[in-house]
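See below for the structure under consideration.
The values are calculated or read from the model by the stated rules, or taken from the named source; none is laboratory data. Keep in mind that this is a model prediction, so the values were computed, not measured. Counting neighbours? That spans all protein chains shown, and the Cβs are built from the backbone with ideal geometry, glycine included. All accessible areas refer to the heavy atoms of the entire protein, side chains included, with ligands and DNA or RNA removed. Shrake-Rupley method; radii C 1.70, N 1.55, O 1.52, S 1.80 Å.
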Amino acid sequence: MNRASGLVIKDLNKSFGDVHVVKDLNLTVEPGEFLVLLGPSGCGKTTALRMIAGLEEIDSGSISLGEKDVTNMLPKYRDVAMVFQSYALYPHKNVAENIGFPLKVRGVEPEARDAAVRDAAQQVQMEDLLHRYPRQLSGGQRQRVALARAIVRSPSVFLMDEPLSNLDAQLRGYMRAELKHMQQEMGVTTIYVTHDQIEAMTLAHRVAIMNDGRLQQVGTPNQVYSDPINLFVAGFMGAPPMNFIEGGLNSGKFISGDIELSLVGDQEPGPVVLGFRPEDTALVAAGTGLFDATIYTVEHTGEQTLVTIQVARKQLAVKMPKDFEASTNSTVGVQFDPSAGYFFDQSDGARIRTCRLQAGT
Amino acid sequence: MKNERSLMTQLFEPPAIGKMAPATKIVVYTVLLSWTAFVLFPIYWIIITSFKSAVDVNRGPFFVPWVDFTPSLHAWKELFVFDWKDTLQAYFNSIIIALSATLLCVGIGSMAAYALARVEYKPKFGSIVIFVLSMVGAFLGVGYLGMDWRLSLAVALAVFFFLVKALSKHFKASVGNGDILFWMISQRILPPIVVVVPIYMMFQSVHLLDTHIAIILTYTVINLPIAVWLMYDFFVSIPKDLEESAQLDGATRLMTFWEIVLPLSRPGLAATTLLVMILSWNEYLFALFLSTSRAQTMPILVAAMNAGERGILWWSMSVVIVVMIIPVILMALLLQSFISKGVLLGAVKG
C-alpha cells in the first residue's frame, strides 16, 4: 500500500520580528518524491520545513498535504514525521520505547505496537539494541533510532532537518546511501533540508535551492548543476564552486583586464560575470588557451589534482587528472569548451542566455 | 621540567584518591575524616545531650555515654509520655504544614516555571498599571464605600478589561519573561519581618489565625519564587526539540508534559522539593506570629525550651531537635537517588 501524498505550498511567508525569513515560497512536491531543500545557513529552509511540520506558525500562504489543507492544523493531525538534526531521542526511554512512542500516544495496542517497533527497528538494523538507552548508543545508532521512530507509523510525508550533519564523514556517506535506499523502498514523500550540496545532489529527485528566504531554482540535480538560473545557484552547486570573472560586454567581446573573448549572439553592453566550472576547465600550454594564467598552488587529492591559478590577482580553481604536475608561478593557458561558459548579469545575478562564447577563440 | 606540577596545581587538581602515593593518601584521609568529624559533631552532641540528666549537662562537658555519664531517658519520657499531646501535635503540625506547603509550592511553582520557560509573554506595562489601579479601587470600594467584596471585585475586573481593551493598542512598553522572573524573585528579596504584620492582620481579619491553612498558604507564597526560579532553570535546560518531536509524534500538550518533560525534570523537582521542604520545616518567624497553640510547629517548640522559668532545658531541646532532624534526613535519602546527573545524556547531538 502506498500512502505517499504530494505537498503543495502556496505563497508561504514568515517573519521573525523584522526579519522576513521565508518570502513567497511556492513549491509542489510530487507523491513519493525525494525533494531536497538546499541553501546556506539562515536562508529559511529550516523555517520552511518547520512550517510544513506545523511547529512554526504561518504569516500568510497555505500548505496542502495530499487532499487536505493543513495550513492551520496542529502538527499531530498532519500525518508527517520529522527527523531532527539533534535526533531528539527521549533520553529516559529505551530504543523500543522511543520507536514506539508515536504509536503509544495514538493508542495502538501493545501487541501491535511491539510488532511495528520490531519491524521498524529491523529496517534500520537496530533490532538487537531495543533495550539500550540513547546515552548508550553511538551517533550513527541514535540516527537510526530517530529514523525508525519516523517510519514506525508510516506517515505520508517525511521531514528531515539536516539529519546527517552530526555524523562523521565516513558514517555520513554510509547513512546517505541507506537513506536513499530506504526512501526508494518505502516510496514515502520526503523533504530533506541540508546545506551540503553533495547530499542534495546524491539524494534528491529534485533540488530546491533557497537563498535569503527566496526560492531560487527547483530542478533535478543535473538541471541545477548544468543549467543554473542565476549566479547564486551557479556558485552554490559544485565543489569547488564555479569560477567567476567579472568583466564587461562590449562590441561582441567579453573583456576583463587582459582577457578578451569573442561572443556569438546579441547582448547589450554592460557589466557581466563569466562563470565556468573547475571540472570543465583544462590547463594547456601558455598561449594556446582562451587566456593565460599563472600557477598558484597544485594540490594532489589522490583521485585528481586541484590546481589554483591566478589571473589578474584573482584565484580560480581547475580540476586536472591525478598525474598533473606544474611548478608554482609558471604560466599556463586556460581552456574550456565555449558551451561550458555561463554569463550572468552583474547587477542582479540573472543568467544571460542571449549570448555565449564563440568556439575556437 | 615540564612534567613537574606546581604546588598550586597539585593542591587544586589532585589525582584520583586511588592513584595517590601512600603518604599523601594518609594525609588526605586524615583531613577528610577530621572534617567529617567536625561537621557531624554537633549532631552527635545533640543526640547524647538528649540522653543526659540536668546534672550531667551542668557539670559537663561529657563526651562519651556510659563512660563520662550514665544515659537516661528522662527527657524523652517527659516529652513523649507526660507531654506527649503537645509534642506530637507540634510534630504532626510541622509534618502536615511542611508537606502541604511543599506540595502546593512545587506544584504551582513548576507549572509557572514551565510556562515561563516555554511560552513567550509580552504583557504591556500600561495594562499592568491598570490592573494594579483597579485592584486598589476594589480595596477602596470595600474599605471606604462598604461595598460587598464580590461586587467590588467584579466591578474592578470589568473596569480593568474595558480599559485594557480600549487602551492597550496605545501602550508601547511591554515586559518580557525575564522581567516576570525577576519580579518574582524580587518578592523574596524583601526581609520577611517587613510583611509579617500585614500578613498577621490579613489572617486575623479572615479569622484564620492559629490554623494550618494560614501557615501553609504563607509558606507556599514565600517559597514560590525559589521554586519558580529553580524549576525555570531546569526546564530551560531541557532541549525544545524533545517536546516538538513529541508533538509531531502525536502527543498532546498534557501528554508531552507527563511523558517527556516531567520524567526529565525529576532531578530538578527532587532538589526543589527538598529545599522548599527544609525551608518550610525550619521556618520560625511566620509560625511564631501565625500560631498560638493549635497550629504550633516544631521550631516554636524548640524555642519554647529556653523560655521557661526553669531556665534553658538543654536535654528537652535536644530531644525535640533530634526528632526534628529525622524526617529531613529520611527525605534527603529518599530524594537523593533522583538527584543524579546525566539524565539528559543522549537526548541530542552525537
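Things worth noting here:
- Members of the range A:138-166 found to be open to solvent by 10 Å² or more (accessible area, probe 1.4 Å) and within 11 Å of chain B (Cβ to nearest Cβ), listed by number: A:SER138, A:GLY139, A:GLN141, A:ARG142, A:VAL152, A:ARG153, A:ASP161, A:SER165, A:ASN166
- Of all the listed residues (B:LYS52, B:LYS25, B:LYS77), the sole one being part of a helix (DSSP H, G or I), open to solvent by less than 100 Å² (accessible area, probe 1.4 Å) and at pLDDT 80 or above is B:LYS25.
- Exactly one residue out of B:LEU285, B:LEU275 is away from chain A (no Cβ under 14 Å) and within 19 Å of B:ILE95 (Cβ to Cβ), and it is B:LEU275.
- In summary, strands (runs of 3 or more DSSP E) completely within the range A:259-328 and bearing 2 or more residues that are open to solvent by less than 80 Å² (accessible area, probe 1.4 Å) and over 14 Å from A:GLY247 (Cα atoms) occur at A:259-265, A:281-284, A:291-300, A:305-311, A:314-320.
- Boolean, A:TYR90 is farther than 24 Å from A:MET210 by Cβ, open to solvent by less than 50 Å² (accessible area, probe 1.4 Å), within 14 Å of chain B (Cβ to nearest Cβ) and not acidic (Asp, Glu): yes
- Test for A:GLU30: is it touching a helix residue (DSSP H, G or I) at 6+ places or on another chain (Cβ under 7 Å), open to solvent by 30 Å² or more (accessible area, probe 1.4 Å) and not basic (Lys, Arg): no
- Every residue from the range B:85-122 that is open to solvent by 70 Å² or more (accessible area, probe 1.4 Å) and charged (D, E, K, R): B:LYS85, B:ASP86, B:GLU120, B:LYS122
To keep it simple, each residue is scored yes or no on (1) free of Cβ contacts under 8 Å to residues at least 24 places away in the same chain; (2) within 16 Å of the chain's Cα centre (by Cα); (3) open to solvent by less than 20 Å² (accessible area, probe 1.4 Å).
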position	(1), (2), (3)
B:ALA270	no, yes, yes
B:LEU275	no, yes, no
B:ALA307	yes, no, no
B:SER316	no, no, yes
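- When the range B:227-267 is limited to residues that are under 16 Å from the mean Cα position of the chain (by Cα) and either without any contact (Cβ under 8 Å) to a residue 40 or more places away in the chain or more than 21 Å from B:LEU334 (Cα to Cα) (or both), the one that is nearest to the other protein chains (Cβ to nearest Cβ) turns out to be B:TYR232.
- Scanning the range B:294-305 for residues that are open to solvent by less than 70 Å² (accessible area, probe 1.4 Å) and of a type outside the set (Val, Ile, Thr) returns B:ALA295, B:GLN296, B:MET298, B:PRO299, B:LEU301, B:ALA303, B:ALA304, B:MET305.
- Looking across the range B:207-226, the residues that are touching a residue at least 60 places away in the same chain (Cβ under 8 Å) and either within 14 Å of another protein chain (Cβ to nearest Cβ) or in a loop (DSSP other than H, G, I, E, B) (or both) come down to B:LEU209, B:ASP210, B:THR211.
- Complete set of residues in the range A:93-110 that are open to solvent by 10 Å² or more (accessible area, probe 1.4 Å) and either within 11 Å of another protein chain (Cβ to nearest Cβ) or within 28 Å of the chain's Cα centre (by Cα) (or both): A:LYS93, A:ASN94, A:GLU97, A:LEU103, A:LYS104, A:VAL105, A:ARG106, A:GLY107, A:VAL108
- When residues of the range A:82-124 are limited to those that are touching a strand residue (DSSP E or B) at 6+ places or on another chain (Cβ under 6 Å) and of a type in the set (A, V, I, L, M), the one nearest to A:PRO134 (Cα to Cα): A:VAL83
- Restricting B:LEU285, B:LEU290 to those that are modelled with pLDDT of 90 or more and open to solvent by less than 30 Å² (accessible area, probe 1.4 Å) reduces the list to B:LEU290.
The rows are residues; the columns are (1) polar (S, T, N, Q); (2) more than 10 Å from every other protein chain (Cβ to nearest Cβ).
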{"residue": "A:THR46", "(1), (2)": "yes, yes"}
{"residue": "A:LEU49", "(1), (2)": "no, yes"}
{"residue": "A:LEU55", "(1), (2)": "no, no"}
{"residue": "A:GLY66", "(1), (2)": "no, yes"}
{"residue": "A:MET73", "(1), (2)": "no, yes"}
{"residue": "A:ALA81", "(1), (2)": "no, no"}
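- Restricting the first member to the range B:178-197 and to residues that are of a type in the set (Asp, Glu), and the second to residues that are open to solvent by less than 90 Å² (accessible area, probe 1.4 Å), no beta-carbon pair is closer than 7 Å while six or more apart or on different chains.
- Here B:MET147 meets each of (1) touching a Gly at 6+ places or on another chain (Cβ under 6 Å); (2) part of a helix (DSSP H, G or I) with one exception, condition (2).
- Test: residue in the range A:263-279 that is within 25 Å of A:GLN346 (Cα to Cα), modelled with pLDDT under 90 and of a type in the set (Lys, Arg): no
- Residue check for A:SER256: open to solvent by less than 70 Å² (accessible area, probe 1.4 Å), out of contact with any Pro (no Cβ under 8 Å at 6 or more places or on another chain) and of a type outside the set (A, V, I, L, M, F, W, C): yes
- Scanning the range B:162-179 for residues that are surrounded by 12 or more Cβ atoms within 10 Å (Cβ to Cβ) and in a helix (DSSP H, G or I) yields B:PHE162, B:LEU163, B:VAL164, B:LEU167, B:SER168, B:ASN177, B:ASP179.
- A:SER41 being open to solvent by 40 Å² or more (accessible area, probe 1.4 Å), within 18 Å of the chain's Cα centre (by Cα) and touching a residue at least 12 places away in the same chain (Cβ under 8 Å): yes
- Selected residue (only one of B:SER94, B:SER127, B:SER134 is more than 22 Å from B:LEU262 (Cβ to Cβ), modelled with pLDDT of 90 or more, part of a helix (DSSP H, G or I) and touching a Ser or Thr at 6+ places or on another chain (Cβ under 6 Å)): B:SER94
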